[in-house]
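Enquirer: I'd like to ask some things about the structure below.
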């Protein structure tokens, strides 16, 4: 019963969001889940589209601004306190896992004019593409123009400012380290032996 009420609440939120946003935010089949305190919004010329069974935890902020577009593929999970903001385009594939506190921004403040404050110079924006079945570890940052291939793994606290090939592990703060994803890492662990209990 509690589970039914939970998903009824999610459907209520999605319907209210779609009406309030006048169709700028849409979900495929009303199956996305938005927990309390998560915020999803698009301004007048922007759009956000979520696939089936997208799950967005509490404290997440997703914004499309200045004509930006955000597409989130089906069965993608976004953990607590993430920030995803587009002024051009962010495309996230299916079956992705996004850890807590991840930031994804497709834009930077311009710094061309030394006589004008940065806040008044506008933005430079480049599309971000994140493939299918990508795992982005907690507190990572994905910057403008980055493309992350299918099946890639981004380590926690990683700053990604260049492309990551498919099936690659990427990690690092100041310098991005890339290595092929070891097939052994994908194997299911062997079952634990049974614990023997002494009969009393």
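Enquirer: So how far apart, in nm, are the two label points at residue 39 and residue 182 if each is 7 Å from Cα heading toward Cβ?
Expert: Distance between label points: 4.3 nm.
Enquirer: Shifting gears a bit: Mean 1/r over all different Cα pairs, inverted: what Kirkwood radius does region 1-87 give, in Å? Provide the component values of the computation, followed by the final result.
Expert: On the way: mean 1/r = 0.0785 Å⁻¹.
Averaging 1/r across every pair of different Cα atoms and inverting gives 12.7 Å.
Enquirer: Also, quick follow-up: Strictly greater than 30 Å: what percent of every Cα pair in the chain meets that?
Expert: 29 percent
No lab work stands behind these numbers, since they all come straight from the coordinates. None of the values given here were measured: they were computed from a predicted structure. Here the Cβ is made from the backbone with ideal geometry for all residues, glycine too, and neighbour counts use every protein chain on show.
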